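Peer 1: Starting off with a structure, shown below.
The values are calculated or read from the model by the stated rules, or taken from the named source; none is laboratory data. Bear in mind that the values here come from a model prediction, so they are computed numbers and not experimental data. Glycine also receives a Cβ, built like all others from the backbone with ideal geometry; neighbour counts cover every protein chain displayed.
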Amino acid sequence: MAAVSVLLTTVLVSCSGASADPPTETSASPSPSASAAAPEEEALAVYEGMWAVIAEQSRTTDPDYAALEPYATGQALDFASESLKARAQDGVVARGAPVHSPEADNVDAEAAAVVIRDCVDTTAWLQEDAESGELVEESPREPIRRQAEATVSRDGQTWKVSELLLGQAGSC
């Protein structure tokens, strides 16, 4: 888990790229409950909701870790929370947001689990010093993309990301 935490911390702390101001903040909606939607649609909505919260909370040095709870549990919740905490302790905030292209890769209806594969583009997710507003690193010349794999599981009526793994820059 330490290696995984380092990878998300790397994503949250050291990604930079050329981009305009951050997108207008929107609050993510609560995780979908079991409904008429297909499991892969619900899993994708929860996965995207989790990333929206991560991006939003990365803009402050005082993140609200509880905001992740409707979307993540277990390893994924620990991973995201620890990474946000490390970034905040370093006095780094973000502007912009990562861009995703998630796809449901494996739907296990019996186990109520969906595996999602994504190529997370963090090029426009700029990291800056919270006090000065100065970029922590120079803007990248090439896109920064990382392979992500998440397991989204249903516990009763609620879908949550239970596992999240991120590859290194250039892994997709």
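Peer 1: Considering only the range 56-99, how many residues are under 20 Å from residue 159 (Cβ atoms), of a type in the set (S, T, N, Q) and loosely packed, with under 14 Cβ neighbours inside 10 Å?
Peer 2: Residues flagged as under 20 Å from residue 159 (Cβ atoms), of a type in the set (S, T, N, Q) and loosely packed, with under 14 Cβ neighbours inside 10 Å within the range 56-99 amount to 0.
Peer 1: Could you list all residues from the range 114-172 that are free of Cβ contacts under 8 Å to residues at least 60 places away in the same chain, aliphatic (A, V, I, L, M) and under 16 Å from residue 40 (Cα atoms)?
Peer 2: Selection gives 115 alone.
Peer 1: Next question. Across the range 127-172, which residue is modelled with the lowest pLDDT among those that are in a loop (DSSP other than H, G, I, E, B), closer than 30 Å to residue 115 by Cα and small (Gly, Ala, Ser)?
Peer 2: Ranking the candidates gives 156 first.
Peer 1: With touching a helix residue (DSSP H, G or I) at 6+ places or on another chain (Cβ under 8 Å), modelled with pLDDT of 95 or more and either surrounded by 20 or more Cβ atoms within 10 Å (Cβ to Cβ) or on the phi < 0 side of the Ramachandran plot (or both) as the only criterion, which of 102, 32 stands out?
Peer 2: From the options 102, 32, the qualifying one is 102.
Peer 1: Considering only the range 70-95, state which residues are in a helix (DSSP H, G or I) and not small (Gly, Ala, Ser).
Peer 2: 75, 77, 78, 79, 82, 84, 85, 87, 89
Peer 1: Go through (1) part of a loop (DSSP other than H, G, I, E, B); (2) in contact with a Phe, Trp or Tyr (Cβ under 7 Å, 6 or more places away or on another chain); (3) modelled with pLDDT of 50 or more for residue 53 and report which single condition fails.
Peer 2: Single failed check for residue 53: (1).
Peer 1: Going by the structure shown, is residue 111 aliphatic (A, V, I, L, M), in a helix (DSSP H, G or I), under 30 Å from residue 158 (Cα atoms) and more than 13 Å from the chain's Cα centre (by Cα)?
Peer 2: Taking the combined requirement at face value, the residue does not satisfy it.
Peer 1: Restricting to the range 56-69, count the residues that are of a type in the set (Phe, Trp, Tyr) and part of a loop (DSSP other than H, G, I, E, B).
Peer 2: So the count comes out to 0.
Peer 1: If a residue has to be out of contact with any Gly (no Cβ under 6 Å at 6 or more places or on another chain) and crowded, with 20+ Cβ neighbours inside 10 Å to count, how many in the range 145-160 make the cut?
Peer 2: 9
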